[in-house]
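Everything below concerns the one structure shown next.
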């Protein structure tokens with residue numbers, strides 16, 4: 001069965017908020033890529049916490065708005081950007097996320113398979129492989145098993161058109 005990656009959740013982030021807020025079924029599945037420790041909050045306790053804390057409600061609304069914006073942007077990208085630009089944008093986004101976590105300006109090695117990158121960009125692994133091999137030949141990235149090292153972030157931004 002085909003699937004698409006809608007979001008990547010990092011350490012300390014929440015997910016599953018839609019189902020716990022409205023009491024409905026989950027809108028998506030979550031798959032942990034590494035050993036993970038989770039805190040599960042039942043709906044009744046969660047709703048009690050919401051009712052008693054307006055600051056928590058505001059923070060949750062901001063999170064939901066951010067996720068809606070991300071989903072809208074992802075949908076727009078799928079419709080308006082060609083695959084090369086979508087791939088470049090996704091790799092740059094992963095670099096930015098890694099930079100925020102590491103507070104580092106080093107070259108970035110993103111640990112994911114070409115299949116995972118394909119599901120994040122709504123395409124096939126074969127199409128992803130074709131673009132990545134071209135970029136590797138051009139010196140923009142280096143490929144290793146389940147890893148992509150971004151060697152030339154400026155060049156990748158030129159492919160995406162960021163900063164034009």
Practice item. Take the residues in segment 65-109 that are loosely packed, with under 14 Cβ neighbours inside 10 Å and under 16 Å from residue 154 (Cβ atoms), then tell me which one is modelled with the highest pLDDT. Key: 96
Review point. Within segment 114-123, can one find any residue that is surrounded by 15 or more Cβ atoms within 10 Å (Cβ to Cβ), at pLDDT 85 or above, not in a helix (DSSP H, G or I) and not assigned by TED's automatic domain parsing to the domain that holds residue 32?
Key: yes
Exercise for review: Would you mind stating whether residue 51 is more than 14 Å from the chain's Cα centre (by Cα) and either at pLDDT below 85 or farther than 27 Å from residue 16 by Cα (or both)?
Suggested key: no
Exercise for review: Name every residue in segment 25-46 that is free of Cβ contacts under 8 Å to residues at least 12 places away in the same chain and within 19 Å of residue 65 (Cα to Cα), in order of residue number.
Suggested key: 26, 27
**Study point:** Given (1) in contact with a helix residue (DSSP H, G or I) (Cβ under 7 Å, 6 or more places away or on another chain); (2) at pLDDT 85 or above; (3) closer than 30 Å to residue 150 by Cα, number of the condition residue 25 does not satisfy
**Key:** (3)
Review point. Do you know which residues across segment 124-154 are farther than 11 Å from residue 91 by Cα, touching a strand residue (DSSP E or B) at 6+ places or on another chain (Cβ under 8 Å) and in a helix (DSSP H, G or I)?
Key: 133, 135, 136
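The values are calculated or read from the model by the stated rules, or taken from the named source; none is laboratory data. Keep in mind that this is a model prediction, so the values were computed, not measured. Glycine also receives a Cβ, built like all others from the backbone with ideal geometry; neighbour counts cover every protein chain displayed.
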